[in-house]
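The values are calculated or read from the model by the stated rules, or taken from the named source; none is laboratory data. Computed from a prediction, not measured in an experiment: that's the story for all the values here. Reconstructed Cβ throughout: ideal geometry from the backbone, glycine too, with neighbour counts over all protein chains shown.
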Amino acid sequence: MYFVHTPYLIRKFYNKKLIWNIPINEKKIFLTFDDGPVPGFTNEILSILNQFDAKATFFCVGENVKNHKKEFEEILKYGNLVGNHTFNHLKGRQTSFEAYISNILKSRNLYETKLFRPPYGRITAKQINEVSKKFKIIMWTVLTGDFDKNVSKEKCLKNAINYTRKGSIIVFHDNKKTKDKVLFALPKFLEYFSKKGYSFETLNENVLKF
Ligand SMILES: [Zn+2]
């Protein structure tokens, strides 16, 4: 079970080092894409983003970065940011402390970033303490449910539109299972909020200064 929109009390209950939204009063949205890069998909996301002059943050899986260098470079070429999402997409709570940290560092040997998102949002307090020495740990405000086989592409779009506010961090996935839904929902989401005067930015250092 998961929340499309993470309730305030849950966010508060979690460790203070986790970032769930950006506290701003400007019309800015922070799109994130987890699990890529994936050939034949990540590049389509990039071209949709470019059509709307939108930037996003991609939490890449190290193994995919290693295997798909070209796609990884494309993400950066268009002014997007990348974050660490472990090398093998590990579940923190089911992985020993040492193995989890070394898997993150294995990715860090491939590319530098100050951003980290734990796969499945599963991470222990001890892991948080260690990871936060080197990274800002980015959670989310809105999970679109694109990974959920019981969520249609229309519902995925509805989730994204209904729960997004100023400063929201939105999660989509660029992995093979989510392709149809993301390619359907993303352009409509961007169109909807562009018309309302929103812009789409990366989780860059200026944004995270709070
Ligand atoms: Zn993931």
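Take the conditions within 16 Å of the ligand (Cβ to nearest atom) and at pLDDT 95 or above and apply them to Thr164. Does it pass?
Against the criterion (within 16 Å of the ligand (Cβ to nearest atom) and at pLDDT 95 or above), Thr164 does not qualify.
Go through the stretch 121-136 and give me each residue that's more than 14 Å from the ligand (Cβ to nearest atom) and not charged (D, E, K, R).
Thr124, Ala125, Gln127, Ile128, Asn129, Val131, Ser132, Phe135
Is it the case that Gly40 is modelled with pLDDT of 95 or more, at positive phi and not basic (Lys, Arg)?
yes
Do any helices (runs of 4 or more DSSP H) lying entirely in the stretch 125-210 carry at least 3 residues that are among the aromatic types (Phe, Trp, Tyr) and touching a residue at least 12 places away in the same chain (Cβ under 8 Å), and which ones are they?
179-195
For the stretch 101-120, how many residues meet the condition of being within 14 Å of the ligand (Cβ to nearest atom) and on the phi < 0 side of the Ramachandran plot?
8
With respect to the numbered conditions (1) under 16 Å from the mean Cα position of the chain (by Cα); (2) under 19 Å from Val4 (Cβ atoms), which one is the sole condition not fulfilled by Ser152?
Exception for Ser152: condition (1).
Quick check on Lys176: is it within 16 Å of the ligand (Cβ to nearest atom) and either surrounded by fewer than 22 Cβ atoms within 10 Å (Cβ to Cβ) or over 24 Å from Ile24 (Cα atoms) (or both)?
yes
Is it fair to say Ile45 is within 16 Å of the ligand (Cβ to nearest atom), within 20 Å of Ser199 (Cβ to Cβ) and either touching a residue at least 40 places away in the same chain (Cβ under 8 Å) or surrounded by fewer than 16 Cβ atoms within 10 Å (Cβ to Cβ) (or both)?
Against the criterion (within 16 Å of the ligand (Cβ to nearest atom), within 20 Å of Ser199 (Cβ to Cβ) and either touching a residue at least 40 places away in the same chain (Cβ under 8 Å) or surrounded by fewer than 16 Cβ atoms within 10 Å (Cβ to Cβ) (or both)), Ile45 qualifies.
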